[in-house]
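*Asks:* Below you will find the structure I want to go over with you.
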Amino acid sequence: MNLKSGITHTLEMIVMEKDTALVYRSGELPVLATPAMAALMEETCWKSVAPYLEEGQGTVGTRLDLVHTAATPVGMNVTCRSELTEVDGRRLVFSVEVSDECGPIGKGTHERFIINNEKFLTKAREKGQK
């Protein structure tokens, strides 16, 4: 594993009805839901480091601190950019910024941990059998 601070990644999405606060039940309006923005932030981060992990490894999100500062209507393009800012053993910390065609709409800090996928799933399945 060769992870170092400075790895960046960018993802884009077009806001669809399925991404709205109304559908997520996080509000009553047909604008990008904060949970949908959070999911885009997490996806951007995990995809940024996936190519650097060893076979059988993955990452799981453990913390997300975000602010959602502007509304984005259905049909508008949203861009998310992440940067890996800290590597502390298996703990990874990212800075994340999100904007739409008119400017910034959110930002935050996201923490992920590197895990062994099979071991993680085994523990989850065992928990479900209790």
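The values are calculated or read from the model by the stated rules, or taken from the named source; none is laboratory data. On a predicted model such as this, the values are computed, not experimentally measured, just so you know. Note that we place each Cβ from the backbone using ideal geometry, even for glycine, and neighbour counts take in every protein chain shown. Protein only, heavy atoms only, side chains kept; ligands, DNA and RNA dropped before computing areas. Shrake-Rupley method; radii C 1.70, N 1.55, O 1.52, S 1.80 Å.
*Asks:* What number do you get for region 5-126 when its Cα radius of gyration is normalised by 2.2 N^0.38 Å, N = residues?
*Replies:* 1.13
*Asks:* Another one. Would you mind pulling out the separation of the Cα centroids of region 49-69 and region 95-130, in Å?
*Replies:* Distance between centres, Cα-based: 5 Å.
*Asks:* In terms of modelled amide H atoms, which long-range or inter-chain residues lie less than 5 Å from the amide H of T72?
*Replies:* Residues meeting the amide H criterion: L32.
*Asks:* Please list, by residue number, every one of the GluC sites (Glu not before Pro) in region 1-88 that is coil in DSSP and has at most 10 other beta-carbon atoms within 10 Å.
*Replies:* E28, E54, E55
*Asks:* Calculate, for the chain, the solvent-accessible area per residue in square angstrom, rolling a 1.4 angstrom probe over the heavy atoms of the protein chains.
*Replies:* 61 Å²
*Asks:* Kindly provide the helix-only [θ] at 222 nm of the chain, computed as the sum of -39,500 (n - 2.57) over DSSP H runs of four or more divided by all residues, to the nearest 500 deg cm²/dmol?
*Replies:* Helix contribution divided over all residues of the chain: -7500 deg cm²/dmol.
*Asks:* When the accessible area of the chain is computed with all protein chains present and a 1.4 Å probe, what percentage of it is carbon and sulfur?
*Replies:* Reported share for carbon and sulfur atoms: 51 percent.
*Asks:* From the cross-link list K47/K119; K47/K130; K4/K127, which pairs have alpha carbons spaced over 25 Å apart?
*Replies:* Violating the 25 Å limit, Cα to Cα: K47/K130; K4/K127.
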